[in-house]
1. In the chain, with Lys and Arg counted as +1 and Asp and Glu as -1 at Cβ, which of these residues, S414, I341, F148, has the Cα nearest the positive end of the dipole, that is, farthest along it?
2. Pop out the Kirkwood hydrodynamic radius of region 148-288 from its pairwise C-alpha distances, inverse of mean 1/r, in Å to one decimal.
3. In the Gaussian network model of the chain, springs joining C-alpha atoms below 10 Å, which of C381, C265, C398 carries the largest mean-square fluctuation?
4. Past 20 Å, Cα to Cα, is the threshold; run K128/K291; K8/K101; K248/K391; K141/K193 against it and keep the listed order.
5. Projecting each Cα onto the charge dipole of the chain (Lys/Arg +1, Asp/Glu -1 at the beta carbon, about the Cα centre), which of I404, L180, H331 comes out farthest on the positive side?
6. Do you know the relative contact order of the chain, to the nearest whole percent, from alpha carbon pairs under 8 angstrom that are 6+ apart?
7. Regarding region 251-347, what's the average projected area of the Cα-atom convex hull, expressed in nm²?
8. Where is the GNM fluctuation largest for the chain (alpha-carbon springs, 10 angstrom cutoff): I67, I143, I12?
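Readers should treat all values here as calculations from the given coordinates under stated rules, not as data from a laboratory. Just so it is clear, the structure is predicted and the values come from calculations on it, not from any experiment. Positions of Cβ are backbone-derived with ideal geometry, glycine not excepted, and every protein chain shown enters the neighbour counts.
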Amino acid sequence: VDEDILKKQKEIDDWLPITSSRNAKWWYAAFHNVTAMVGAGVLSLPSAMSHLGWGPGVVILILSWLITLYTLWQMVEMHEMVPGKRFDRYHELGQHAFGEKLGLYIVVPQQLICEVGVDIVYMVTGGKSLEKIHSLVAPHKHIKTTYFIMIFASVHFILAHLPNFNSISGVSLAAAVMSLTYSTIAWTASVHKGVQSDVEYGYKASTATGTVFNFLTALGDVAFAYAGHNVVLEIQATIPSTPEKPSKGPMWRGVVIAYIVVALCYFPVALIGYYMFGNNVEENILISLEKPTWLIVAANMFVVIHVIGSYQLYAMPVFDMIETVLVKKMHFRPTRMLRFIVRNFYVAATMFVAITFPFFGGLLGFFGGFAFAPTTYFLPCIMWLAIYKPKKFSLSWCTNWICIILGLLLMTLSPIGGLRNIIINAKDYHFYS
């Protein structure tokens with residue numbers, strides 16, 4: 001009987017998106033990580049800098065880069081810390097650290113908010129980028145954002161049926177290359193424009209409260225620019241592993257390369273963009289650049305391609321969760337039909353929410369604070385403390401506690417700014433206008 005059960009388990013594992021193929025190379029990990037990490041948020045970094053100011057801005061950029069690199073290292077290490085077992089999913093690690101039930105309740109809601117939230121934001125981003133292209137190419141025609149979001153979603157009704165991580169590695173590579181390309185366009189075009197004549201670096205808001213709220217929102221924007229942690233174990237699960245050659249070697253190499261690329265995307269855009277335009281920089285730096293038109297159209301096209309890749313990358317673990325529940329708990333047969341229905345339903349749902357709330361970016365600053373900060377900044381540290389139990393006041397103990405405290409501060413402060421923005425936006429908002 002046991003053999004039958006094991007065989008069934010193996011069949012299901014071979015069917016599920018995350019555990020089905022374990023022959024990825026380390027460079028797959030590199031570009032999956034770049035795609036997951038570099039959001040289209042990189043284009044709003046200069047405006048975040050203008051709310052933070054030079055000193056705090058630079059410190060926060062570098063600090064968040066270091067802390068997230070450290071927590072990512074912890075996750076890569078913990079993936080195989082029990083010999084002969086692999087934690088292929090974030091919540092499996094959570095269950096090991098906090099216990100069967102509690103682990104699920106702590107990790108799954110947060111991971112779902114992050115992944116589904118990012119997917120919805122990307123629906124809006126993709127739609128808006130398409131709209132920008134259209135307004136630049138055919139300025140006199142007006143089409144509603146709603147339709148652009150539908151056009152963007154149409155791609156995903158097809159791509160969502162790629163079965164697992166390795167099958168989307170092509171999409172992901174394209175996305176990773178694109179993210180580097182449009183970041184480079186953003187900062188080189190800024191250099192070409194030169195420092196503006198009326199440049200100012202002071203805070204923009206007229207009131208003290210406005211300045212504080214803007215500061216908090218920007219804090220959230222920068223902090224969540226590094227949010228690849230929700231899919232990192234799932235990416236590592238695709239790398240082959242033997243006791244002699246554990247998967248953490250190639251995975252870590254991929255992560256380091258990814259982080260160098262991320263730094264090359266983020267730092268020049270944030271610093272040069274702010275230096276050239278000062279506090280007059282737009283939310284999206286491409287808008288500040290305006291001309292030459294062909295370049296901005298190209299950059300927006302690259303954003304669309306990148307967001308397509310990211311959407312799939314974040315959707316994969318969600319598909320995995322839904323399919324796991326259906327097959328293991330509700331005992332559906334693992335068939336093509338089941339997958340077809342589940343994935344189309346998911347794409348349709350994210351599209352519907354995106355169309356209903358196109359100011360979702362503000363919502364993400366709000367929800368993101370509750371979900372991104374933990375999964376990226378302090379959950380890995382808490383798990384590390386729970387599992388390895390380092391000595392009090394040793395280096396490891398101190399580092400983890402510092403990260404946890406900074407992460408908790410982030411979690412409490414950034415939603416405040418996000419909430420205020422939502423309230424301001426919602427005043428003049430009409431459904432499906």
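1. Farthest along the dipole direction, towards plus: I341.
2. Details: mean 1/r = 0.0540 Å⁻¹.
With all distinct Cα pairs of region 148-288 included, I get 18.5 Å.
3. Taking springs between Cα atoms under 10 Å, the residue moving most is C398.
4. Cα-Cα > 20 Å for K8/K101; K248/K391; K141/K193; rest within.
5. H331
6. Values: 642 pairs, mean separation 145.1, N = 433.
This gives 34 percent for the chain.
7. Numbers: hull surface 39.5 nm².
With the hull built on Cα positions only, its mean projection is 9.9 nm².
8. Highest fluctuation among the options: I143.
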